Each structure stands twice: as structure tokens, then as C-alpha cells.
Amino acid sequence: MRGIGFAGAILATAMLVFVAAAVASERAFSDEATPAAGGVHTGMTGAAATEDVNVALPLESFAGEVAENAEALAKAHTPYDATLPPLQPGNLVKVHLTLKNMTVEIAPGVKYDTWSFDGHGAPGPIVHVRQGQIVEMTLTNGGTIPHSIDFHAARIAPNVAFRDVLPGKSFTFRFTANDPGAFMYHCGTKPVLAHIANGMYGAIIVEPAGLPKVDREYMLVASEWYLSGNGIDKPATLDLAKARAVMPDWTTFNGYANQYVTHPLTAKPGETTRFWVVAAGPTLDTNFHVVGAMLDRAWLNADMSSPPQINVQTAIVPAGGGGVFDVKIEDEGLYPFVSHAFAHVDLGQVGLLKVGNPKGSMSH
Ligand SMILES: [Cu+2]
């Protein structure tokens, strides 16, 4: 018995040494990688990318780790303006996006070194056009590595329009927005998983004529984040191994966990609110649901060439896809909107629609 115990102790010690060594090598990698642009470089083959990331197991989660003064930070945070921007007149809409590396906050006190559009953080600016308008897209690469832009709303040869743009260079292409819906745009440079996970995405709304009029229109871009550290002492970068394993630390609407819980979207009793939803992923779908309400009109997959479904409880918005949902609420109250895959609520993909001025919900 004693012999077995001794052998067990040796084995346990050996395992501890192994784990410590693995952790140390992971730390060494991440310290080394941090000063570079996100620790993942473009233009690599899959095999080369594998060598350059954390492959230590088990993967470490930083889910739910926020700064000590999280509540004050959440209140001080300026929420991403979810209001759908207005349409522009004329046949031609010019959009100029600049790519930049930018440190943003994705949860209270949690910083992340993004690659992002327009120095804006993630998601990038929302583009809103009328069906049939011509979009002239100019992309300027203000980053440090090649990037590109892939507009899901465009029928266009990707090798031409979505090609890599070198740092310091610009590129312009045009397409006609003939297909209505809520579309994702994103950087399509390899490895795409890394470029999207680092924040290179946004949405373009192509609005068809003749939609039912509504009182409020909000844009929600859902996404998830895979962190190399908790982001509190120093900004986190991408942990590509966690992105491959689909082990997010945070899931968000418009790039910041729970921001519309602290700063609710608003409507009045009896009004209809239209949610334009795009799931940027990079990998997770969003199961859109409004607690205490129905999706009165639901254009699933953002197919706006067909009539909407009616009175839907929950609608899947696939990664890389969209959905458009009209919600009419009669009674004053606080109505959470969520991804009803509840792990995602836990990780931050939840907000509130504040209808009227319900008791006890005044912010001050
Ligand atoms: Cu990119």
C-alpha cells in the first residue's frame, strides 16, 4: 500500500511540474505576443497559425471577471448608440471605413486590443441604405497588417472587391444594394476567425420600400470574445485556441456586455419597436427573444423579399446572418431582450427595453 501511495505522490508531483511548465510557457508566449498586433498575424497558413497560439490545456476562462468598481464603470460607460442611423438621399451612398488597431472596453474594466473599423471599436459603423441604392465603399487600412472587407449585401467577385488592402493603402469598389435585409460585413483576410474575433465586423441594413412603419428602430450586432487574459490589468488579446474551441469569455450586443441593462433602450407603451439583428459571431448564433413579448413580425434570416412570420417566440439569427423583428408592447415595464441560449445571457448578451417609465427603474 505504502509503495502505491509513494508512486502516486511521485505521479502527482510530476503532473504538477508538467502543469506549471505548461502555464509558464503559455505566459511566456502571451507576454511575447502582446506587443504585436493582437498576437495573431495575417497571411499565415493554418499550420503556421497553430504554432503561434496558446495550445496549453486546459484553456483558461476569464468569464465574468470584471474590475472591482464594475458597477460604477458600467454606469460611466457610454453605450454604443443602437439607434438605426437615417437613410441618405440620392442614388449613391458613399461609405469610407478606416481600419485601426484600438483598445476598447468590452465589459466593465475589461479592455481588449481590437482590430476595428473607423477607430470605432466593434461593431464598426452601421451602414443603412435603401434597396436599389449604389454603395461606394472605400476602405483605408490604418492598421499594421493587411485587411479587407466582405460585404454580405453585395453580389460581387470576392477576389476583386474583397481583396487584401496593405497598411497605408485605400481601395474603392461599388455595388448595388439590390437584396433587402440585415447583413454582416467583416474583414475576410485569413485567418478570418482571428480577424472577426478581433473586432473586424459591422452591419449594413438594406431597407426595402413599403415596410410597415414602426416607432423605434434599433440595431443589435451580436458577437463573442475570446480573451488571452482577464483584460483588467492590461488589455487582453485574442486566444485563438479558445476561439477554435468556441469557449468565449464574453458575449455581447454591440460590443459591450450588458450595456443595455445599465442603459436600457426605450419605447413608449403601445409603440412598435423594430430590432435589426446581425450575429457577427465569429462562431455563435444568437437566439433572439424578448421576455414578456412576441416577435409580432419576424423576418427570419432577414429575408425581406418574403412576408414575415408572425407571433414568433424565439428566432435564430445565424452567425454571419441577420433577422428583423417587430415587437409591439402595450404595458409599461422592463422587457429583457436576450439570446435565449442562456450561457450567452450569463456571458453578457442581454439588454433591456424600458417601456414607459416603470416604477423602480429610474436610473436616479
Ligand atoms: Cu482584418
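The values are calculated or read from the model by the stated rules, or taken from the named source; none is laboratory data. Keep in mind the model is a prediction, meaning the values are calculated, not measured. Note that each Cβ is placed from the backbone with ideal geometry, even for glycine, and that neighbours are counted across all protein chains shown. What goes into the accessible areas is simple: the full protein's heavy atoms, side chains included, and nothing from ligands, DNA or RNA. Shrake-Rupley method; radii C 1.70, N 1.55, O 1.52, S 1.80 Å.
In table form, for the structure just shown:
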item	result
Lys94 being within 15 Å of the ligand (Cβ to nearest atom), of a type in the set (D, E, K, R) and in contact (Cβ under 8 Å) with a residue 12 or more places away in the chain	no
Residues satisfying the stated conditions in the stretch 180-207, i.e. within 12 Å of the ligand (Cβ to nearest atom), open to solvent by 10 Å² or more (accessible area, probe 1.4 Å) and part of a strand (DSSP E or B)	His186
Residue that is farthest from Gly121 (Cα to Cα) [pool: residues in the stretch 142-179 that are part of a loop (DSSP other than H, G, I, E, B) and either near the ligand (Cβ under 9 Å from one of its atoms) or in contact with a helix residue (DSSP H, G or I) (Cβ under 8 Å, 6 or more places away or on another chain) (or both)]	Ala154
Out of Val66, Val110, Val104, sole residue that is within 16 Å of the ligand (Cβ to nearest atom) and over 27 Å from Thr172 (Cα atoms)	Val104
Total residues in the stretch 263-320, condition outside any strand (DSSP E or B), more than 19 Å from the chain's Cα centre (by Cα) and of a type outside the set (Val, Ile, Thr)	15
Any hit, the stretch 322-337, residues being open to solvent by 10 Å² or more (accessible area, probe 1.4 Å), under 22 Å from Pro208 (Cβ atoms) and either modelled with pLDDT of 95 or more or small (Gly, Ala, Ser) (or both)	yes
Which listed residue is in contact with a strand residue (DSSP E or B) (Cβ under 8 Å, 6 or more places away or on another chain) and buried (at least 18 other Cβ atoms within 10 Å of the Cβ), from Ala243, Ala236	Ala236
The stretch 338-362, subset free of Cβ contacts under 8 Å to residues at least 24 places away in the same chain and in a loop (DSSP other than H, G, I, E, B), residue least open to solvent (accessible area, probe 1.4 Å)	Gly360
Single residue of the stretch 208-229 satisfying the filter (over 22 Å from Tyr80 (Cα atoms) and touching a residue at least 60 places away in the same chain (Cβ under 8 Å)) that is surrounded by the fewest Cβ atoms within 10 Å (Cβ to Cβ)	Ala209
Checking Trp115 against (1) more than 13 Å from the ligand (Cβ to nearest atom); (2) more than 16 Å from Thr252 (Cβ to Cβ), the condition it does not meet	(1)
The stretch 138-164 residues that are surrounded by fewer than 17 Cβ atoms within 10 Å (Cβ to Cβ), paired with ones that are modelled with pLDDT of 95 or more and hydrophobic (A, V, I, L, M, F, W, C) (beta carbon under 6 Å, 6 or more apart)	Ile156/Phe175
